Amino acid sequence: DQQVKQNSPSLSVQEGRISILNCDYTNSMFDYFLWYKKYPAEGPTFLISISSIKDKNEDGRFTVFLNKSAKHLSLHIVPSQPGDSAVYFCAASARGSQGNLIFGKGTKLSVKP
Amino acid sequence: EAGVVQSPRYKIIEKKQPVAFWCNPISGHNTLYWYLQNLGQGPELLIRYENEEAVDDSQLPKDRFSAERLKGVDSTLKIQPAELGDSAVYLCASSFGLRTEAFFGQGTRLTVV
């Protein structure tokens, strides 16, 4: 049973426009969420995180929104650039001694010039 | 500052042969993870270390997989004997404790033929 779901395998966006990547989770114990970006033949790179005590966190062009009641988070990239083309993974961590990062399957973003 | 270093980058072996992967985490990171990533999937945790102690190995197939983290720094992951289904990317990551962002190495792509 997947606890972190990224239902869109791919997304295509025009350069300069907004990219919105979505993530849903099922485990109500998750309280720390992260987004990673992955280029081919490289390991995932940390992008941005958010704790459940917040509903928004912003870092430059990247903003993560958290809707706890809907168990949903999203990553907004504005404006999108061709270099943002990569696979984006959503990850979540639960309270307690486990706290391991649980990843979604990823969404492949293509930003077209 | 050097990132997480993994070797080798690529490995091709015949089934039933042994194979080992090595990871050097970021200096000072006490938490070390080994993840498995299959094509089109997100990373899945195999084992997590806090210093030299394996605190979560519930997802490690112990009949053929083993891991160690000597002196709480470098770590090795071994498969013996390898099976065709073990073909995947093996990722090592480290962090300052649990529930902080983890930094990943470039991974080792294993092909079992």
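The values are calculated or read from the model by the stated rules, or taken from the named source; none is laboratory data. Keep in mind that what you see is a predicted model, and the values were worked out from it rather than measured. FYI the Cβ positions are ideal-geometry reconstructions off the backbone, even for glycines, and counts take in every protein chain you see.
Annotations for the structure displayed:
- Filter result (over 14 Å from the mean Cα position of the chain (by Cα), among the aliphatic types (A, V, I, L, M) and surrounded by 13 or more Cβ atoms within 10 Å (Cβ to Cβ)) within the range A:19-60: A:Met29
- Test: residue in the range B:4-22 that is crowded, with 16+ Cβ neighbours inside 10 Å, under 26 Å from A:Tyr32 (Cα atoms) and modelled with pLDDT of 95 or more: yes
- Test: residue in the range A:63-70 that is exposed (fewer than 15 other Cβ atoms within 10 Å of the Cβ), of a type in the set (Val, Ile, Thr) and over 18 Å from A:Ile102 (Cβ atoms): no
- Of the strands (runs of 3 or more DSSP E) lying entirely inside the range B:1-111, the ones with 1 or more residues being within 30 Å of A:Phe30 (Cβ to Cβ) are found at B:5-7, B:19-24, B:31-37, B:44-50, B:53-56, B:65-69, B:75-79, B:88-95.
- When the residues of the range B:2-22 are filtered to those that are closer than 20 Å to B:Gly85 by Cα and within 11 Å of the chain's Cα centre (by Cα), the one that is farthest from the other protein chains (Cβ to nearest Cβ) is B:Ala20.
- Selection of the range B:70-85 for residues being free of Cβ contacts under 8 Å to residues at least 60 places away in the same chain and buried (at least 19 other Cβ atoms within 10 Å of the Cβ) yields B:Ser75, B:Leu77.
- Of all residues assigned to the range B:58-77, at least one qualifies as being within 14 Å of chain A (Cβ to nearest Cβ) and over 11 Å from the mean Cα position of the chain (by Cα).
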